[in-house]
Amino acid sequence: MRPDPLPTSGATNAVAPTGAVALDSVYLLDNQAYAVINGQWLSVGDRLGDVQVLHIADDQVVIRQNGQQRVLTLPKTGSLLISMMDED
């Protein structure tokens, strides 16, 4: 399974979250962190409707919504371990 393509522009201000705000995934690439919230790629400082991203960590994202800080966490539905194999 491939991740969604990286965004080509900055913050998305036009799309407002509908209903619950859900953290779909987190990507830490080089020195840049991205959070996919409700299907939208966001970085620290970006806004999605009334949600502003304050901090991105490897398993959670801190947001401000309607003046209150919230912590979004990734669902723990399983784990994946990828390791190198020696080929003889």
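Please treat every number below as a calculation from the coordinates, not as lab data. Everything quoted here is computed from the prediction, not taken from an experiment. Methodologically, a virtual Cβ is constructed for each residue, glycine included, from the backbone with ideal geometry; neighbour enumeration extends over all protein chains shown.
Can you tell me which residue within segment 19-33, out of those that are of a type in the set (A, V, I, L, M) and surrounded by 15 or more Cβ atoms within 10 Å (Cβ to Cβ), is farthest from the chain's Cα centre (by Cα)? Step through it out loud before you land on a result.
Taking segment 19-33 as the starting set, the residues that turn out to be of a type in the set (A, V, I, L, M) are 20-23, 26, 28-29, 33.
Okay, now just the ones that are also surrounded by 15 or more Cβ atoms within 10 Å (Cβ to Cβ), so 21, 23, 26, 33.
Details: VAL21: 11, LEU23: 6, VAL26: 4, ALA33: 8 Å.
Checked segment 19-33; the qualifying residue farthest from the chain's Cα centre (by Cα) is VAL21.
Go through segment 34-58 and give me each residue that's surrounded by 11 or more Cβ atoms within 10 Å (Cβ to Cβ) and charged (D, E, K, R). Please lay out each step first, then the result.
So the first thing to find is which residues in segment 34-58 are surrounded by 11 or more Cβ atoms within 10 Å (Cβ to Cβ), and the list is 34-44, 46-57.
Listed by number, the residues that qualify are ASP46, ARG47, ASP50.
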Note on segment 39-67: residues assigned to a loop (DSSP other than H, G, I, E, B), farther than 19 Å from LEU29 by Cβ and in contact with a Leu (Cβ under 9 Å, 6 or more places away or on another chain) are none
